[in-house]
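The structure appears right after this line, and notes come after that.
The values are calculated or read from the model by the stated rules, or taken from the named source; none is laboratory data. The structure presented is a predicted model; accordingly, all values stated were derived computationally and were not measured. Neighbour counts run over all protein chains shown; Cβ positions are idealised from the backbone, glycine included. Ligands, DNA and RNA are stripped out before the accessible areas are found, and what is left, the full protein with its side chains, is counted by its heavy atoms. Shrake-Rupley method; radii C 1.70, N 1.55, O 1.52, S 1.80 Å.
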Amino acid sequence: MNTNNYNETLKDEYRTLVVAFFNTVEEQREDRELSARMLFEMAKSKSLTDKESMSADWLRNRVYQPQKYKHLPQWIAKSAYYCLMARNWTPTKNSEWFVMLAFYVREFGGDTPSYEALSQSLPANLEGELGFQWLKVCVNAVNDIKKQKQENPS
């Protein structure tokens, strides 16, 4: 459980998180508009985007065409994170655990995240053996990046 290039790996997993969100919300084809609306409303409520609107087709093109859109915008993935947290959704795959805990560390970890402090406040849906393991990976990676930047200022 490690990530060689933490930030790039995280960007690569944005898509995983949005697909997980789609899978929890959508049972029928008609639910595509609902999921897009939920993501967009969350983005607006958290001030994650300045976009005025977002269609289900626009969103799906970015999610399901990785050859055309290498990375999803971070605001879409963060919106999915917040929506999934609001639903108390629990990850089932390592890639889902990673991206959820990475966003959790970014949200609550501050400049120098502490595993001990974050593990005490971890929401129930992110607890468990994998949750704590991925929390440790993310905290260590963030702290390593910060340490490298301090040692090698540009």
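Some notes on this structure:
- GNM top mover of 11, 68, 46 - the chain, alpha-carbon springs below 10 Å: 68
- Cα centroid separation - segment 71-93 against segment 23-40, whole Å: 13
- Max mean-square fluctuation residue, GNM over the chain, Cα-Cα springs under 10 Å, options 97, 58, 75: 58
- Cα-derived Rg over Rh, computed across segment 3-151 with Rh taken as Kirkwood radius: 0.98
- Axis angle, to the nearest 10 degrees, between helix 94-108 and the longest C-alpha principal axis of the chain: 70 degrees.
- Accessible surface of the chain, 1.4 Å probe, proportion on carbon and sulfur as whole %: 44
- Among the GluC sites (Glu not before Pro) within segment 20-70, those in coil by DSSP and having at most 12 neighbouring Cβ atoms inside 10 Å are 27, 30, 52.
- Between the helical axis of 74-86 and the longest alpha-carbon principal axis of the chain there is an angle of about 90 degrees.
- Think of a 1.4 Å ball rolled over the protein heavy atoms: the chain then has 56 Å² of accessible area per residue.
- Set of lysines with alpha-carbon distance to residue 51 below 30 Å, sequence-local pairs under 8 removed: 11, 68, 70, 78
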